[in-house]
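Peer 1: I am attaching a structure below and will ask some questions about it afterwards.
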Amino acid sequence: MGSTCDRSFTQFMWKLCLLLACCTITLTLAADDESFSNSTMLKRLHEDDYDDGMLMVASRGIENNDVDEEGVCPDGLMVAAWKPQKNLSTGDRVARGLVYFFVMIYLFIGVSIVSDRFMAAIEVITSKEKEVIIKKKNGEKQIVVVRVWNETVANLTLMALGSSAPEILLSIIEMFAKKFQAGDLGPGTIVGSAAYNLFVIIALCIVVIPNGEVRKIKHLRVFFVTATWSVFAYIWLYLILAQISPGRVEVWEGLLTFMFFPATVLTAYIADRRLLIFKYLDKNYRMNKRGVIVSAEGDAALEMDQQQQTDKLAADSDEMREFDEARREYISLLKELRAKYPQSDLEQLEMIAQEQMINRGPKSRAFYRIQATRRMVGSGNIMRKIQERAQSDLNEIKAQLQRVDVNVEEDEAILRVFFDPGHYTVMESCGEFEVRVVRRGDLSGYTTVEYETEDGSAEAGSDYVGKKGVLNFPPGVDEQRFKIEIIDDDVFEQDEHFYIRLSNASDPAVLAVPKVATVMILDDDHAGIFAITQSSHELTESVGVYEVKVQRYSGARGKVLLPYWTEDGTAKAGKDYEPQEGQLVFENNETEKNIAVGIIEEGSYEKDVVFYVNIGEPTLAPDDELAGLIQAAEQKSPEDLTEEDKMALLGRPKAGETTRALLRIIESKEFKNTIDKLVQRANASMVLGTSSWKEQFVEALTVTSAEDGGEEEGEEPTPTCANYVMHFITLFWKILFAFVPPTEIAGGYLCFFVSICAIGVVTAIIGDVAGHFGCTLGIKDAVTAICFVALGTSIPDTFASKVAAIQDKYADASVGNVTGSNAVNVFLGIGVAWTVAAIYHEAQGQVFAVQPGTLAFSVTLFCSEAFIAILILMLRRSKSVGAELGGPVTIKYISGFFLFSLWLIYIIVSSLEAYGIIKGF
């Protein structure tokens, strides 16, 4: 049961081991060669072509980078340096370094937990929906629910900010902490995080896909656009550092860097919506607002299949196509579940289908990051909440439909008078029968109403006794009855009818339907004519058992046997309905019988199939006395027939005109409405938010398992030892950040702003601790950034991408968003920080100096390797693999190892350049 959590915990511990290994390597380098101090970098700086002012500023930046000339570490913005600092032994420095190291890890966990709250707010904000009225081609209007935020815009703005907030804020905060001087920790973390995301995370996602499966990027146009911007961002960073204005950043460069952010969002949106130049390109694929693919990119078979499905859609808009595709998926899922669990009722299957629809539906990167973080810290698996949500949705929708049915009824406050029932069938020999009139509504008053018989085919005086009168309803009385007399004769005749009409109801009563009652008089001198009352029937597949009415008219004498059977049309016996065959037995004076047909419910959304119910020739039962008379008369010749014999032959039972009924099975309107509403609610984002502080504190104090509960399991998974360990380790952070306002307040915006402030505070502390860590052990900020801080801030993204790669049908949530985040990191993290610093120095009449050094070299190395990584992803789309992730075992492990090697090369070469072992810029 705890296998998933154990794997997650093992991966987390592996990350810690990797961090410790990097720490050990760096310490070894520092211990082996203490000569790589600031003097080395100063010497290299003097060899470059900088003016004196820039040299002074850059030199001061290097001298203050790690340790001052006396070996004392400066205080941080929020955390003071560990005292005392002078005359420390190597053991003391190593011990302090380990303390700082583990404090950093603990802070990384803290920033992950508050980022969880931040991402939940973003998900609630970006998942806002609105109702849109769509007009179909057939003129029918339908209301569908669509998201207000475009998915691409959401991913590149709030989603990217949420996943990269620590790196972006670290760069901005470091600039303020250094009094508007350039630092290495923030920019180094951004570039190091980009390298880790592009190489390690994608390598992991390639490898973790189950054998024999692949995951393809669906938003290929958007991926190309964001990949181009992500590489350009670091090329641009190199240009402004080493080419356009070497050693300094001007105001226009900082502003332009920031302006590339909205440009990235705009071009990605244009690509997503096929605007401008994209509408003239090959239209072999397209996707809607939620990213649901309509035709595959680079996959002819899928393209053809999806195009055929698209042609069948009646909708004219992306919203309707999206809704119809989601609906078809839900129906297909419901059929699979019906085949898997034939004994379950429809409501249970609908709940399971809704749960799986939410599970399978498109999820944002924020969803997977939140899920990964909560698993990692022992807060349970958020996917289990989906089951509760599915049950809640189903109950609410059923209640809504019931309320609609109730609202259809008339206003009960109106006093109404009417016949109940409105149709009477009586035998000619009955003598008299009773008619019932009722009133409904306010019964506190006195009501009168008149009634009178009216001829139809039956005539008063010969067939019935005409009658009229007044009915009185005293207060509290809701019904009155009166009797009508029927005249019997021995003449054979067809069935006849007459009417009884209500009139002149006293105020405030009104006459309601039926205000005219029909009375059918059946002749009892004939065995009868037998027919199905209705030639065509329309029924829903959820009806269960449908009864076809067979009526006996023009006589009701004797016991008659009537054979019947069902017949296939487009509906098939055993699949759509239960076959029936037998005979109906009409007793003497019995006029109606029903043929019960069982309808098999498949859960079809737009079902339209037909079958038939047939009746044969009626015969008198052998034990009926009339049968003997008829049999004797049939054996005589026509000239020998007596008057009695002729009457007996005329009285034989006959089949009427309608002996075959067509039954059309259509979908259940309730089922259809239920599906429509459930599909609209299949939004996994809704389970991320919280509605109250109480809920947040309960979650913070509760230990839950990170293991998924099986859909057939009734027991709650038991927390493992790892769950308890991580829960108690992170309990402080959980309780602290439970004070963040719930997402239910102000639509998530209050939670958004409070969370980002909390991330800023924790990130500022991380920056100070990371600086003290590097300073204590003699590790440069640039190396600390790419080896430690970048890894620490990327751990939640690693878990999120791994889960997304396995659970999602496509690679966008795991890989496609990496390139967008890498570009946004530069344009926001460095663009904002350097713009503010450049404006500050411009106002002071100074130059904002930024040495190219390690940063420019690191950026150049990353760009070179990024081209290779993106080329590998594109090559993997060839027929040999067919997708970016997964594929044949050998190829996927080779690809993963190669990408991971690119990251190792990046951190090793960048570290060597930072210490001057190899020459950079």
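Peer 1: Among the residues of segment 906-917, is any within 19 Å of Cys787 (Cβ to Cβ) and open to solvent by 60 Å² or more (accessible area, probe 1.4 Å)? Write out each step before concluding.
Peer 2: Here is the first cut: in segment 906-917, the residues within 19 Å of Cys787 (Cβ to Cβ) are 906-917.
Okay, now just the ones that are also open to solvent by 60 Å² or more (accessible area, probe 1.4 Å), so 908, 917.
Yes, that holds for at least one residue.
Peer 1: May I pose another question? With respect to the numbered conditions (1) surrounded by 14 or more Cβ atoms within 10 Å (Cβ to Cβ); (2) of a type outside the set (Asp, Glu); (3) part of a strand (DSSP E or B), which one is the sole condition not fulfilled by Ala596?
Peer 2: (1)
Peer 1: In segment 103-128, what residues are part of a helix (DSSP H, G or I) and not hydrophobic (A, V, I, L, M, F, W, C)? Before you say what the answer is, go through the steps one by one.
Peer 2: Pass one, segment 103-128, residues part of a helix (DSSP H, G or I): 103-126.
Selection gives Tyr106, Gly110, Ser112, Ser115, Asp116, Arg117, Glu123, Thr126.
Peer 1: State yes or no: is Lys128 open to solvent by 20 Å² or more (accessible area, probe 1.4 Å) and closer than 30 Å to Gly689 by Cα?
Peer 2: yes
Peer 1: Identify all residues within segment 550-592 that are under 16 Å from Met427 (Cβ atoms) and either open to solvent by 30 Å² or more (accessible area, probe 1.4 Å) or touching a helix residue (DSSP H, G or I) at 6+ places or on another chain (Cβ under 7 Å) (or both); write none if there are none.
Peer 2: Gln551, Tyr553, Arg557, Gly558, Lys559, Glu587, Asn588, Asn589, Glu590, Glu592
Peer 1: Out of Ser444, Ser457, report the one residue that is open to solvent by 50 Å² or more (accessible area, probe 1.4 Å) and within 16 Å of Val426 (Cβ to Cβ). Before you say what the answer is, go through the steps one by one.
Peer 2: On the way: Ser444 fails: within 16 Å of Val426 (Cβ to Cβ).
Testing whether each residue is open to solvent by 50 Å² or more (accessible area, probe 1.4 Å) and within 16 Å of Val426 (Cβ to Cβ) leaves just Ser457.
Peer 1: Might you let me know whether segment 778-795 holds any residue that is at positive phi, surrounded by fewer than 24 Cβ atoms within 10 Å (Cβ to Cβ) and not in a helix (DSSP H, G or I)?
Peer 2: yes
Peer 1: Output the number of the condition that Thr226 fails; it satisfies all remaining conditions of (1) of a type outside the set (Asp, Glu); (2) more than 38 Å from the chain's Cα centre (by Cα); (3) open to solvent by less than 10 Å² (accessible area, probe 1.4 Å).
Peer 2: (2)
Peer 1: Same structure again: If the Cβ limit is 9 Å and pairs must be 6+ apart or interchain, which residue in segment 417-435 that is in contact (Cβ under 8 Å) with a residue 12 or more places away in the chain and more than 20 Å from Gln480 (Cα to Cα) pairs with which residue that is of a type in the set (Lys, Arg) and assigned to a loop (DSSP other than H, G, I, E, B)?
Peer 2: none
Peer 1: Another question about this same structure. Would it be correct to say that Ile918 is over 25 Å from Ile206 (Cβ atoms), in contact (Cβ under 8 Å) with a residue 60 or more places away in the chain and out of contact with any Asp or Glu (no Cβ under 9 Å at 6 or more places or on another chain)? I'd like the intermediate steps shown before the answer.
Peer 2: Working: over 25 Å from Ile206 (Cβ atoms): yes; in contact (Cβ under 8 Å) with a residue 60 or more places away in the chain: no; out of contact with any Asp or Glu (no Cβ under 9 Å at 6 or more places or on another chain): yes.
Against the criterion (over 25 Å from Ile206 (Cβ atoms), in contact (Cβ under 8 Å) with a residue 60 or more places away in the chain and out of contact with any Asp or Glu (no Cβ under 9 Å at 6 or more places or on another chain)), Ile918 does not qualify.
Peer 1: For segment 471-482, indicate whether the set of residues that are under 30 Å from Ala527 (Cα atoms), assigned to a strand (DSSP E or B) and open to solvent by 30 Å² or more (accessible area, probe 1.4 Å) is non-empty. Write out each step before concluding.
Peer 2: Within segment 471-482, the subset under 30 Å from Ala527 (Cα atoms) is none.
The answer is no, given that none of the residues of segment 471-482 is under 30 Å from Ala527 (Cα atoms), assigned to a strand (DSSP E or B) and open to solvent by 30 Å² or more (accessible area, probe 1.4 Å).
Peer 1: State which residue is most open to solvent (accessible area, probe 1.4 Å) when the search covers only segment 233-276 and only residues that are farther than 22 Å from Val153 by Cβ and charged (D, E, K, R).
Peer 2: So, considering only residues that are farther than 22 Å from Val153 by Cβ and charged (D, E, K, R), the one most open to solvent (accessible area, probe 1.4 Å) is Arg248.
Peer 1: Inspect segment 159-173 for any residue being surrounded by fewer than 24 Cβ atoms within 10 Å (Cβ to Cβ), modelled with pLDDT of 85 or more and in contact with a helix residue (DSSP H, G or I) (Cβ under 6 Å, 6 or more places away or on another chain) and give the result as yes or no.
Peer 2: Checked segment 159-173: at least one residue is surrounded by fewer than 24 Cβ atoms within 10 Å (Cβ to Cβ), modelled with pLDDT of 85 or more and in contact with a helix residue (DSSP H, G or I) (Cβ under 6 Å, 6 or more places away or on another chain).
Peer 1: Related question: Looking at segment 876-889, can you tell me whether even one residue there is part of a helix (DSSP H, G or I) and touching a residue at least 40 places away in the same chain (Cβ under 8 Å)?
Peer 2: yes
Peer 1: Which ones in segment 737-757 are over 17 Å from Ile370 (Cα atoms) and among the hydrophobic types (A, V, I, L, M, F, W, C)?
Peer 2: Phe739, Ile745, Ala746, Leu750, Phe753, Val754, Cys757 - these are the residues of segment 737-757 that are over 17 Å from Ile370 (Cα atoms) and among the hydrophobic types (A, V, I, L, M, F, W, C).
Peer 1: Still on this model: If Ala527 satisfies every condition in (1) under 16 Å from Leu620 (Cβ atoms); (2) surrounded by fewer than 19 Cβ atoms within 10 Å (Cβ to Cβ) but one, which is the exception?
Peer 2: Of (1) under 16 Å from Leu620 (Cβ atoms); (2) surrounded by fewer than 19 Cβ atoms within 10 Å (Cβ to Cβ), only one is false for Ala527: (2).
Peer 1: Would you check if Gly71 is open to solvent by less than 30 Å² (accessible area, probe 1.4 Å) and at pLDDT below 85?
Peer 2: Yes; evaluated as a whole, the condition is true for this residue.
Peer 1: When you scan segment 250-277, how many residues do you find that are within 19 Å of Phe862 (Cβ to Cβ), at pLDDT 90 or above and either among the β-branched types (Val, Ile, Thr) or touching a Cys at 6+ places or on another chain (Cβ under 9 Å) (or both)?
Peer 2: 1
Peer 1: Among the residues that make up segment 510-520, is at least one of them free of Cβ contacts under 8 Å to residues at least 40 places away in the same chain and part of a loop (DSSP other than H, G, I, E, B)?
Peer 2: Looking through segment 510-520, none of the residues is free of Cβ contacts under 8 Å to residues at least 40 places away in the same chain and part of a loop (DSSP other than H, G, I, E, B).
The values are calculated or read from the model by the stated rules, or taken from the named source; none is laboratory data. Quantities reported herein were computed from a predicted structural model and do not represent experimental measurements. Please note: Cβ atoms are built from the backbone with ideal geometry, for glycine as well, and neighbour counts cover all protein chains shown. Each accessible area value is taken on the protein alone, full model and side chains, heavy atoms only, with ligands, DNA and RNA left out. Shrake-Rupley method; radii C 1.70, N 1.55, O 1.52, S 1.80 Å.
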